[in-house]
1. Using mean Cβ contacts within 10 Å as the protection proxy, how do 188-201, 52-65, 90-103 order, highest first?
2. To the nearest Å, what is the center-to-center distance of region 198-269 and region 58-136, using C-alpha atoms only?
3. Report the net charge of residues surrounding V127, where surrounding means a beta-carbon distance below 14 angstrom and charges are Lys +1, Arg +1, Asp -1, Glu -1.
4. Quick check on region 123-187: take the gyration tensor over C-alpha atoms, sort the square-rooted eigenvalues as a ≥ b ≥ c, and tell me if it's rounded (a/c under 1.5), prolate or oblate.
5. Could you give me the ³J(HN,Hα) list for region 50-61, computed from phi with Karplus coefficients 6.51, -1.76, 1.60 and θ = phi - 60°, whole Hz, x at Gly and Pro?
6. Quick one: net charge around E156, please, counting Lys, Arg +1 and Asp, Glu -1 for every other residue with C-beta under 14 Å from its C-beta.
7. Below 8 Å between Cα atoms, with a sequence gap of 6+, how large is the relative contact order for region 50-188 in percent?
8. Relative to the Cα centre, what is the charge dipole magnitude of region 123-187, using +1 at the beta carbon of each Lys and Arg, -1 at the beta carbon of each Asp and Glu, and rounding to the nearest 20 debye?
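Just so you know, all these numbers are worked out from the coordinates, no wet-lab data involved. Values in this document were obtained by computation on a predicted structure and should not be read as measured data. Cβ placement follows ideal geometry from the backbone for every residue including glycine, while neighbour counts extend to all protein chains displayed.
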Amino acid sequence: MTATPTKPLGRMTPRKSIMPNDGQPRRVRLWTLDAPPGSTAERLLKTYLGALDAVDAIDSAKARINADPELTDAGKAKQIKLVVLGETVPAIARGRIELAKARREVETRRTALVPPKADPADAAGAVRRQELRAFLRGLDDKARAAFLKSNSGDQEVTTAIIEQPAALSGIRDSLRDQMLNDAMQSKYADQIEAIQELEEAIEVAASAIDSGREEAHKEAAAADPALRDPDAFHAVASAIEARTPALWIKPHTENGAEVMRWLDWNEESQSGTWRLAEQEHLDRGIVAKTRDEFDQVSQNIAVLVTGETTAEARSKRAAFVDEHGAEAYFNRRSDAAA
């Protein structure tokens, strides 16, 4: 996989070929972005292509199932439904987890960009900036605008304004916000550009993931009328997604070097083994030094993926759908609303 594609990757529709009765498909964006090896962008590119592959796999499975002379129409529909719910939805769920991880990374990286601050030990500088604010506050609008224009490149003037609320300098909030944005851009230009590129990669990958989920819904609904309603399908898909957890990846120091290991947990024995993480584990995992950190990140990601705010709610929904089916779950929600 190249870091910079020589030509766009992917396609603009969720399926390789659009059948006449498929209606207007959701548009998928082409991948034209850099994806350096080992980067989040590379993982998102794999997620993007994986979503398209998951949709292609539906068509391959349908061709195989429909060619089986021993299956009745009902049997074929059942087999197709099993493929969609057993293979496509979990694949899409893994992609949604990757998107959630990338969005959290963006949030973390943005939070790390703090506004420029003056040296707290420079008492004389603090007094000068206080006097500058008082001076600006005492000017009329025309004189203040002229002063700011003639001192637009003065770092001390800028710092004096952005380190305190706009009212203390007598300027509009919008002007202070613009000055703060300019100062942030000047200090963190490279970091902001990298974040913006990552956000674009997330959007491109999401276009394939969201389209893939819509195609899965379309196929599931064709195979089982109980899944035609979007809420009914969402109930089933979310129950499956709730059982597609991320792996815990923990940094270990071994022979003076950092090594990543993933927790292979056995639910029955309530014990686990830290195994060496390969790329496939890193792609599916969350790096966390402690269990509390992993649980917190997993919770945040699960909310983004399934829409449920607690692990208990996700577990209850999965259990109800398993026992009673999607239609019963949907009717239960309708009764509760009534």
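1. Answer by packing, highest mean first, reads 90-103, 52-65, 188-201.
2. 11
3. Computed value for this residue: -2.
4. rounded
5. Computed from phi, the couplings for region 50-61 are x, 5, 5, 5, 5, 5, 4, 5, 4, 4, 5, 5 Hz.
6. Value of the local net charge: -1.
7. 22
8. Working: 10 positive and 9 negative charges, 16 e Å.
The calculated dipole for region 123-187 is roughly 80 debye.
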